[in-house]
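**Q** Take this structure first; my questions come after.
The values are calculated or read from the model by the stated rules, or taken from the named source; none is laboratory data. Just so it is clear, the model here is predicted, and its values are computed rather than measured. No Cβ is skipped: glycine too gets one built from the backbone with ideal geometry, and neighbour counts run over all protein chains shown. Calculation scope for accessible area: heavy atoms of the full protein, side chains included, ligands and nucleic acids excluded. Shrake-Rupley method; radii C 1.70, N 1.55, O 1.52, S 1.80 Å.
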Amino acid sequence: MAELNANLHLPGNDSIELPVKQGTAGPDVIDISKLGSKGYFTFDPGFLATASCESAITFIDGGKGILLHRGYPIDQLAKESNYLEVCYALLFGELPTKEQYQKFTQTVREHTMVNEQLVSFFRGFRRDAHPMAIMCGVTGALSAFYHDSLDVANPRHREVAAYRLVAKMPTIAAMSYKYSIGQPFVYPDNSLSYAGNFLKMMFSVPAEEYVVNPVVERAMDRIFTLHADHEQNASTSTVRLAGSSGANPFACIAAGIASLWGPAHGGANEACLTMLEEIGSVDRIDEYVAKAKDKADPFRLMGFGHRVYKNFDPRATVMRETCHEVLKELNIQDPLLDVAMKLEDIALNDPYFIEKKLYPNVDFYSGIIMKAIGIPTSMFTVIFALSRTVGWVSHWIEMLEQPGHKIGRPRQLYTGAEKRDYININER
Ligand code: SDX
């Protein structure tokens with residue numbers, strides 16, 4: 001491939017030639033690492049036009065609404081694959097053979113239980129603690145239990161940590177829920193699918209028989225798949241930055257959970273359902289759309305807009321279909337769906353949203369499906385974190401495997417006080 005260069009003209013009739021790197025798809029990148037030698041930094045708060053790394057895991061074309069995991073389109077994976085198979089592809093780069101899939105799922109099954117001591121860790125939380133607060137705390141605490149997989153330079157330790165995290169997140173998530181409603185924890189049942197096991201740990205009680213509903217099981221697995229990874233979003237970038245210092249995998253994933261919790265990111269599904277409930281009926285939509293357009297009003301339509309997608313989020317398209325399937329098959333008439341459909345219709349035809357390219361994102365329909373299958377609103381972002389753990393771990397491993405990877409340490413544009421001498425308090 002011919003060597004490409006960008007020529008940057010600098011003040012004082014100076015200039016610098018910067019190499020241009022090309023990937024498999026998407027925009028080329030200008031390698032600005034030499035710019036420091038000319039006494040300049042680049043400036044890009046929010047990283048709107050900054051590639052922080054090289055990655056082969058996920059590709060997004062925001063203009064075309066394309067999302068690929070290891071090259072496979074998300075709609076095909078959501079409809080024809082399953083979450084654990086997608087986990088394998090994200091972690092190891094290829095879809096598994098039957099034998100590899102069998103071995104992978106068996107290994108995950110063998111790690112679904114958590115150390116019994118963790119039960120007392122939960123007891124330290126108030127019963128009304130938000131499950132995301134519990135998830136942050138308990139996940140970070142896993143490093144206190146698993147000393148045998150903390151050497152991040154050891155590929156085997158990284159692999160064991162990956163299995164443990166993918167396998168244990170459903171157990172910890174379900175425990176967070178059970179603790180918040182005062183019900184006993186339910187142990188994993190390895191005879192069930194990944195999604196079925198999660199549903200049983202969430203909704204079964206010792207006093208009664210629990211049978212997994214196949215419609216709900218399929219919808220749950222699809223929700224996991226649709227949230228598995230998404231390139232260098234805020235929480236994944238957090239995990240990469242934490243991991244770049246050599247921090248242990250459990251601490252890195254806990255940092256990712258904390259970042260995901262924000263309403264502008266993974267917290268949007270909970271915020272979206274709260275918004276739909278606040279709107280309450282179709283005839284109040286115009287009032288909220290006006291608020292969303294009002295610059296003086298901080299209100300935003302949760303579940304709309306995306307930093308990268310300036311087209312329909314392909315996950316929202318699959319989520320929308322799943323939403324209708326689940327509500328129909330469970331025979332649920334949810335007025336919130338009417339509000340959501342009307343809101344979507346208005347937003348897609350309103351000049352403000354069209355001009356700003358604000359389309360429904362992954363969080364817009366997921367909340368309605370999760371409510372339909374009985375997941376409480378406070379658990380929506382927990383489900384997102386559970387699903388995204390495999391993406392976070394895949395990026396963490398990819399970063400550590402990158403030859404010559406360095407600790408992430410951005411610079412800044414300093415706008416503070418110039419150097420000045422200390423003044424004793426008696427003279428101030
Ligand atoms: C996720 O990055 C990822 O990949 C994330 C994610 C993943 O899988 O990891 O896809 C998951 O986080 C999805 C996004 C969930 N968040 C929400 O639904 C919250 C509502 N959306 C917004 O807060 C916003 O759209 C963001 C945060 C998602 C994106 O914000 P940007 O890219 O920083 O864009 P911006 O805030 O600069 O908005 C551009 C313009 C602004 O108007 P102007 O200042 O140009 O006049 O669009 C407006 C905004 O006011 N705008 C909205 C809006 N989102 C943006 N106006 C009303 N409602 C909204 N939802």
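**Q** How much length is gained if the chain between Val119 and Glu208 is pulled fully straight, taking 0.36 nm per residue apart and subtracting their Cα-Cα distance, in nm to one decimal?
**A** Result for the pair: 29.8 nm of gain on full extension.
**Q** Using the Kyte-Doolittle scale, which helices in the chain average at least -1.0 and also have C-alpha atoms spread 24 Å or more along the helix axis, with helices defined as whole DSSP H runs?
**A** Taking the DSSP H segments of the chain (at least 24 Å long, mean hydropathy at least -1.0), we get 155-180, 380-401.
**Q** Which GluC sites (Glu not before Pro) in segment 206-263 pass both tests, a DSSP loop state and at most 11 other beta-carbon atoms within 10 Å?
**A** Counting only loop positions with at most 11 other Cβ atoms within 10 Å, the GluC sites (Glu not before Pro) in segment 206-263 are Glu208, Glu209.
**Q** What FRET efficiency, computed as 1/(1 + (r/R0)^6) with R0 = 56 Å and r the Cβ-Cβ distance, is obtained for Lys34 and Tyr187, rounded to the nearest 0.05?
**A** 0.50
**Q** Keeping all protein chains in position, work out how much accessible area Ser204 exposes to a 1.4 Å probe, and write it in Å² to the nearest 10.
**A** 10
**Q** List, in the order given, every pair from Lys79/Lys168; Lys34/Lys295; Lys38/Lys64; Lys103/Lys310; Lys64/Lys291 whose Cα-Cα distance in the structure shown is over 31 Å. It would help to have the intermediate numbers written out before the result.
**A** Details: Lys79/Lys168 25 Å; Lys34/Lys295 40 Å; Lys38/Lys64 37 Å; Lys103/Lys310 40 Å; Lys64/Lys291 29 Å.
Table pairs above 31 Å Cα-Cα are Lys34/Lys295; Lys38/Lys64; Lys103/Lys310.
**Q** Just to confirm, what accessible area per residue do you get for the chain at 1.4 Å probe, in whole Å²?
**A** Result: 50 Å² of accessible area for each residue.
**Q** Here is a further query. To the nearest Å, what is the center-to-center distance of segment 118-155 and segment 31-98, using C-alpha atoms only?
**A** Segment 118-155 and segment 31-98 have Cα centres separated by 28 Å.
**Q** Continuing with this model, one more query. Want the number for Arg409 to Asp151: 0.36 nm per residue separation, take away the alpha-carbon distance, what's left?
**A** 90.7 nm
**Q** Measure off 7 Å from each Cα along the Cα-to-Cβ vector at Thr377 and Leu48, then give the distance between these two points in nanometres to one decimal.
**A** A separation of 3.2 nm, rounded to one decimal place.
**Q** For Lys21 and Ile354 in the same chain, what is the full-extension length gain: residue separation times 0.36 nm, less their Cα-Cα distance, in nm?
**A** Roughly 116.6 nm would be gained on extension.
**Q** Calculate the FRET efficiency for Ala56 and Lys293 from the Cβ-Cβ distance with a Förster distance of 51 Å, rounded to the nearest 0.05.
**A** 0.80
**Q** Label points 7 Å out from Cα along the Cβ direction at Leu8 and Glu418: separation in nm?
**A** 2.7
**Q** How big is the chain by Rg and Dmax over its Cα atoms, in Å?
**A** Spelled out, the Cα radius of gyration and Dmax of the chain are 23.4, 80 Å.
**Q** Along each principal axis of its Cα atoms, how long is segment 70-150 end to end? Whole angstroms, biggest number first, please.
**A** 43, 29, 19
**Q** Tell me the mean residue ellipticity at 222 nm calculated for the chain from its helices only (DSSP H runs of n ≥ 4, each -39500 (n - 2.57), averaged over every residue, nearest 500).
**A** My calculation for the chain gives -15000 deg cm²/dmol from helical runs alone.
**Q** Give the relative contact order (percent, whole number) for the chain; include only Cα pairs under 8 Å separated by 6+ residues.
**A** RCO, the chain: 20 percent.
**Q** Additional query: Take the solvent-accessible surface of the protein heavy atoms, probe 1.4 Å, and return the percent of it on segment 167-242 that carbon and sulfur atoms account for.
**A** Values: 1480 of 2650 Å².
The nonpolar share, carbon plus sulfur, comes to 56 percent.
**Q** Can you tell me how segment 302-428 classifies by the Cα gyration tensor, rounded, prolate or oblate, using a/c under 1.5 as the rounded cut?
**A** Taking the square roots of the gyration eigenvalues as a ≥ b ≥ c, segment 302-428 is prolate.
**Q** Using per-residue counts of other Cβ atoms within 10 Å, averaged over each peptide, order 349-359, 53-63 from highest down.
**A** By packing density, highest mean first, the sequence is 53-63, 349-359.
**Q** I would also like to ask the following. Please sort by residue number the GluC sites (Glu not before Pro) in segment 90-186 whose DSSP state is loop and whose Cβ has at most 12 other Cβ atoms within 10 Å.
**A** Qualifying residues, ordered by number: Glu94, Glu110, Glu116.
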